[in-house]
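Have a look at the structure below before the remarks.
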Amino acid sequence: MFVFGNLFFALANVIGAILSIAYWLILIRALISWVNPDPYNGIVQFLYKMTEPILQPIRRFLPQMGVDISPIIAFLAIIFLQSFLVSSLKQIGASMQ
């Protein structure tokens, strides 16, 4: 049974790392948007390609406003998933050992 416990621990760590990377990419994109970045820059294109699949579905549900608050909603969702999902997977893994 300890193998499944370790599997849940590993899964929790991978999901936590992916969520942390997504958090930082969205934060960097939000900060860069304040300075009007060059859309042809490779780094800017990479940031948009990585974060747009997260932010676009959120924008569809938000009303049109002068300010894009989709990064804030994404931050809250990431924090919730880190607090709930990752810790739940770790607790399941601990109970299986």
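The values are calculated or read from the model by the stated rules, or taken from the named source; none is laboratory data. Because the structure is a prediction, the values reported are computed rather than measured. Counting neighbours? That spans all protein chains shown, and the Cβs are built from the backbone with ideal geometry, glycine included.
Side notes on the structure shown:
- Of the criteria (1) surrounded by 14 or more Cβ atoms within 10 Å (Cβ to Cβ); (2) at pLDDT 95 or above; (3) among the hydrophobic types (A, V, I, L, M, F, W, C), which one residue 92 fails: (2)
- One residue from 37, 63 being over 14 Å from the mean Cα position of the chain (by Cα), exposed (fewer than 15 other Cβ atoms within 10 Å of the Cβ) and either aliphatic (A, V, I, L, M) or not in a helix (DSSP H, G or I) (or both): 63
- Within segment 48-62, residues that are under 14 Å from residue 27 (Cα atoms) and touching a residue at least 12 places away in the same chain (Cβ under 8 Å) sit with their Cβ atoms under 6 Å from residues that are part of a helix (DSSP H, G or I) and of a type in the set (Ser, Thr, Tyr), at 6+ positions apart or across chains, in these pairs: 55/70.
- So residue 73, is it part of a helix (DSSP H, G or I), farther than 30 Å from residue 6 by Cβ, β-branched (Val, Ile, Thr) and out of contact with any Ser or Thr (no Cβ under 7 Å at 6 or more places or on another chain): yes
- Candidates are the residues of segment 21-34 that are within 24 Å of residue 82 (Cβ to Cβ) and over 13 Å from the mean Cα position of the chain (by Cα); the one that is surrounded by the fewest Cβ atoms within 10 Å (Cβ to Cβ) is 31.
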